[in-house]
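Taking it in order: structure first as structure tokens, then the write-up.
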Amino acid sequence: MATWKYDVEDNDPYLFKQGDIIKIGDVATVAVADIEKGDIPKFIRKVKISPTVVYSDPPWNAGNATSFRTKAGLPRKVVFMEGFMKQFLKGVKYKKVFIEMGFQKVKEVEDLIKEAGGVVYKTYEVKYYKKHESRLIWCGWGVNSVQEKIDLTGYDDNDLPTIVIQHYTDKNDVIFDPCTGVEACTPLAAISAGRYYLGTELSPYRLCRSIHEIVKKSGGEVKKIGNLYQ
Ligand SMILES: C[S@@+](CC[C@H](N)C(=O)[O-])C[C@H]1O[C@@H](n2cnc3c(N)ncnc32)[C@H](O)[C@@H]1O
């Protein structure tokens, strides 16, 4: 049992390899993909489904991003966080985008959003693990008028995907999270609300755990449908 790898067994049926694109029933399509390599636009092109809303909790400093690479079995260090964020933003330029992050780097990320042609509507003070100070940046691309539907101040990050999806999306929206993670917070919130989910994730182990969570929630067959690099 490889416990450090999020309790994934080596013969786990959902342990896919780098670049694999996986369809889960009729609720979601995900891929093992690397934002830094420019995989987000590649993924969207390959699956031929356009996201309309992005909700994500990406790594927001170099130590954090490097540790996720190490846990994914990829040795290279992230020393240039701005490069990571630029690749992330290139792939998420949609009308409604919500980015969770630590408060220390908010100004830098807001500036990068503006540099990438986006508009920052509002940055909320939220909570991480119910007590730590954190932020949620609400931004968008190509929108002329926006309206705040709910004050998101003070919410815990675990509850935010559900609250945002309830208030800012409708049933035709496709929800995208480039950093799907291990707990499947965004996909579970999207699927519970009846929205289609698109996601990428660097770590096959973390994605595997998330696929298990999605299948627990919605059932459906898990099928590899292609690879980003072939
Ligand atoms: C803070 S966690 C997200 C947690 C997630 N919301 C959940 O429900 O578990 C950030 C995620 O980004 C992923 N990540 C880090 N670097 C990445 C990269 N270069 N490309 C894609 N995903 C990456 C990490 O592996 C990690 O799962």
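Laboratory data are not the source of any read-out in this text; all were calculated from the coordinates shown. The model shown is predicted, which means the values in this text are computed figures rather than measured ones. All Cβ positions, glycine included, derive from the backbone under ideal geometry; neighbour counts span all protein chains shown.
Taking the Cα atoms of the chain, the ratio Rg/Rh between the radius of gyration and the Kirkwood radius comes to 0.94. This model, with +1 at the C-beta of Lys and Arg and -1 at the C-beta of Asp and Glu, gives the chain a dipole about its Cα centre of some 580 debye. If you take all other residues with their beta carbon under 14 Å from the beta carbon of E36, and give Lys and Arg +1 and Asp and Glu -1, the sum is +3. Beta bridges assigned by DSSP with both partners in the chain are antiparallel in approximately 60 percent of cases.
In the structure shown, do any of K42/K130; K23/K71; K71/K122; K71/K105; K17/K48; K42/K71 have a Cα-Cα gap over 29 Å, and if so which?
Those over the limit are K42/K130; K71/K122.
Work out the FRET efficiency for K86 and I49 from their Cβ-Cβ distance, taking R0 = 25 Å, and round it to the nearest 0.05. Result of the calculation: an efficiency of 0.55. Note on Y129 and K171: the extension gain reaches 12.2 nm, defined as 0.36 nm multiplied by sequence separation minus the Cα-Cα distance. Computed over region 5-126, the range of Cα coordinates on each principal axis works out to 44, 32, 27 Å, biggest value leading. For the peptides 183-194, 43-54, 85-96, residues were scored by their other Cβ atoms within 10 Å and the scores averaged per peptide; the highest-first order is 183-194, 85-96, 43-54. Here the simple spin-label model places points 7 Å from the Cα toward Cβ, and for K114 and Q230 these points are separated by 4.6 nm. Sorting 27-38, 199-210, 106-117 by average packing, meaning the other beta carbons within 10 Å per residue, from highest down gives 199-210, 27-38, 106-117.
Calculated mean residue ellipticity at 222 nm for the chain: -9500 deg cm²/dmol, from DSSP H runs with n ≥ 4 weighted as -39500 (n - 2.57), summed, divided by the residue count and rounded to 500. If you take all other residues with their beta carbon under 12 Å from the beta carbon of K86, and give Lys and Arg +1 and Asp and Glu -1, the sum is -3. Counted as membrane-span-like here are DSSP H helices of the chain whose alpha-carbon atoms extend 18 Å or more along the helix's own axis and whose Kyte-Doolittle mean is -1.0 or above; these are 204-218. Let me make sure I get this right: for region 80-146, a, b and c are the square roots of the gyration tensor eigenvalues over alpha carbons, sorted descending. Under 1.5 in a/c it's rounded, otherwise prolate if a/b > b/c, else oblate. Which is it? Since a/c reaches 1.5 but b/c is at least a/b, the shape of region 80-146 is classed as oblate.
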